[in-house]
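Student: Please see the structure below; I have some questions.
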Amino acid sequence: MTLPKTLSKDTLRAFRFIVAPFAVLILGKILFELLAFKFPELNQSLIAHFPESKQISSTINFQESKARLLWATSVIIYFCVCAVFGAFIWNTLRGSMTRSTLLLFISVALFFSMAEIIYFFQVDPLKSPLATIFRFTFDSLNASGQYSENELNIIYIILSMINLLAILVAPFGILTGCCIMHKYHRSSNTTLDDLLSQSKHIKELLTGGSAIMVIGIAHMQLWLNWPLSFLPEDSVHQQIEAITLAVSQYWGVLYTLTMAALYLPAAFSLAEQARRIILSDHNKNPEPWLMENKMLFSLNAQLPQLITMIAPMLLGSFGSTLGNIMPF
């Protein structure tokens with residue numbers, strides 16, 4: 001029995017590389033939804049400590065202005081990085097496969113994205129920790145009484161756009177990795193140049209994905225800390241900030257693990273294919289070639305990629321210092 005053209009052996013073989021990253025990503029979101037069950041109550045505690053008077057002090061006003069501008073800075077960077085990464089994804093998908101296979105890959109990514117969007121529309125936003133990442137700050141800003149209805153609408157629209165991009169970028173990034181590992185030709189016709197090209201593109205995807213996740217974590221931390229500008233520097237402020245940092249740390253670790261689950265199996269597969277070709281066709285030691293072309297699957301050889309992968313986790317851990325290192 002022959003497989004349809006869309007579901008060729010190469011396509012099915014490439015789909016193996018989406019299993020681990022999607023499993024990690026979905027598991028991480030499910031665990032956060034199940035275990036961060038006190039997080040939705042946190043913004044009510046935050047609102048209860050807001051100044052009762054709508055006339056805030058000049059110090060708090062300055063703090064709020066700084067927090068808002070830092071958040072705006074992360075927004076423009078996020079949009080720019082998403083535009084560049086989106087162009088990379090489109091060029092990779094469009095130039096690597098037939099139209100039918102391209103539609104299949106896009107359909108899979110859209111399925112996961114639409115499932116998450118539908119979930120957000122169905123879930124109670126006051127009880128969902130995932131939804132609280134958005135509601136935490138927006139409800140606090142609304143309760144502060146410092147913003148007009150038009151200003152809140154602008155914030156809402158911008159956040160909705162960012163949330164939509166955040167939902168789309170991970171599935172499409174994962175499917176792009178699957179696309180890079182997809183080959184038209186038979187395995188027996190694979191050359192070292194083919195594998196080297198695939199290795200280069202999977203590293204470019206890793207770099208772009210890491211950049212997206214890093215600015216995403218930075219944006220999340222600045223967004224969650226925005227309403228803290230209405231609180232004095234006391235124990236309550238420090239406790240809530242510690243919780244928002246823990247949230248950023250969680251997502252930083254999750255994104256790092258997701259990228260590792262995509263990149264490491266792909267890099268190992270490419271290295272092993274290259275090793276077999278060199279041994280069978282050239283009867284030489286493959287180590288020098290793999291080392292020279294940065295394809296050797298070892299800790300030292302893959303150190304730049306390992307640093308790239310853990311960047312979101314590192315930023316999540318140092319998220320509390322973002323307000324000090326941003327140029328304001």
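Every read-out reported here was derived from the displayed coordinates using simple, explicitly stated rules and does not represent laboratory data. Keep in mind it's a predicted model, so treat the numbers as computed, not measured. Cβ atoms come from the backbone with ideal geometry, glycine included; neighbour counts cover every protein chain shown.
Student: Which length gain, in nm to one decimal place, applies between Leu314 and Arg99 when the Cα-Cα distance is subtracted from 0.36 nm times their residue separation?
Tutor: Details: separation 215, 0.36 × 215 = 77.40 nm, distance 3.91 nm.
Stretched fully, the Leu314-Arg99 segment lengthens by 73.5 nm.
Student: Between Gln239 and Lys284, what length in nm is gained on full extension when 0.36 nm per residue of separation is reduced by their alpha carbon distance? Present the calculation step by step, with values, prior to reporting the outcome.
Tutor: Details: separation 45, 0.36 × 45 = 16.20 nm, distance 6.02 nm.
Residue separation times 0.36 nm, minus the Cα-Cα distance, leaves 10.2 nm.
Student: With a Förster radius of 51 Å, plug the Cβ-Cβ distance of Ile117 and Phe297 into 1/(1 + (r/R0)^6) and report the FRET value to the nearest 0.05. Working shown, then result.
Tutor: Working: r = 37 Å, r/R0 = 0.73.
FRET efficiency, Ile117 to Phe297: 0.85.
Student: Turning to a different aspect of this structure: Before rounding to the nearest 500, sum -39500 (n - 2.57) across all DSSP H runs of length at least 4 in the chain and divide by the residue total; then give [θ] at 222 nm in deg cm²/dmol.
Tutor: Working: 11 runs with 248 residues, N = 328.
So the helix-based figure for the chain works out to -26500 deg cm²/dmol.
Student: Identify, among Ser45, Ile154, Ile174, the residue whose Cα sits farthest towards the positive end of the charge dipole of the chain, taking +1 on the Cβ of Lys and Arg and -1 on the Cβ of Asp and Glu, with the dipole about the Cα centre.
Tutor: Ile174
Student: Okay, moving on. For a bin width of 20 Å, list the pair-distance distribution of the chain built from all Cα-Cα distances, rounded to whole %.
Tutor: Result returned by the calculation: 29, 50, 19, 3, 0.
Student: Continuing with this model, one more query. Which whole-number percent is the relative contact order of the stretch 108-210 (Cα, under 8 Å, 6+ apart)? The partial results should precede the final answer.
Tutor: Numbers: 33 pairs, mean separation 33.6, N = 103.
Averaging sequence separation for qualifying contacts and normalising by length gives 33 percent for the stretch 108-210.
Student: Pairs of Cα atoms under 8 Å, at least six residues apart: use those to get the relative contact order of the chain, whole percent. Before the final figure, lay out each step's value.
Tutor: Working: 331 pairs, mean separation 96.7, N = 328.
The normalised contact order for the chain reaches 29 percent.
Student: Using +1 on the beta carbon of Lys and Arg, -1 on that of Asp and Glu, and nothing else charged, what's the dipole of the chain about the Cα centre, debye to 20? Provide the component values of the computation, followed by the final result.
Tutor: On the way: 21 positive and 20 negative charges, 266 e Å.
That gives a dipole near 1280 debye.
Student: Here's something else I'd like to know. Tell me which of Ser210, Ala242, Ser298 sits at the most positive position along the dipole axis of the chain, charges placed on C-beta atoms (Lys, Arg +1; Asp, Glu -1).
Tutor: Ser298
Student: Given q = 0.19 Å⁻¹, what are the Debye log10 I(q)/I(0) values for the stretch 158-316, with equal point scatterers placed on the Cα positions and solvent ignored?
Tutor: Calculated log10 I(q)/I(0) at the listed q: -1.13.
Student: When the Cα atoms of the stretch 62-194 are enclosed in a convex hull and the volume is divided per residue, what value in Å³ results?
Tutor: Spelled out: Cα convex hull of the stretch 62-194, divided by residues, is 150 Å³.
Student: How many nm is it between the label spots at Leu126 and Lys200, if each spot is 7 Å from the Cα in line with the beta carbon?
Tutor: Output for this residue pair reads 5.7 nm.
Student: Let me ask another. Name the shape class, rounded, prolate or oblate, that the alpha-carbon gyration tensor gives for the stretch 216-302, where a ≥ b ≥ c are the square roots of its eigenvalues, rounded holds for a/c under 1.5, and otherwise prolate holds if a/b is larger than b/c and oblate otherwise. Please report the intermediate quantities before stating the final value.
Tutor: Details: a/c = 5.70, a/b = 4.74, b/c = 1.20.
Because a/c hits 1.5 or more and a/b exceeds b/c, the stretch 216-302 counts as prolate.
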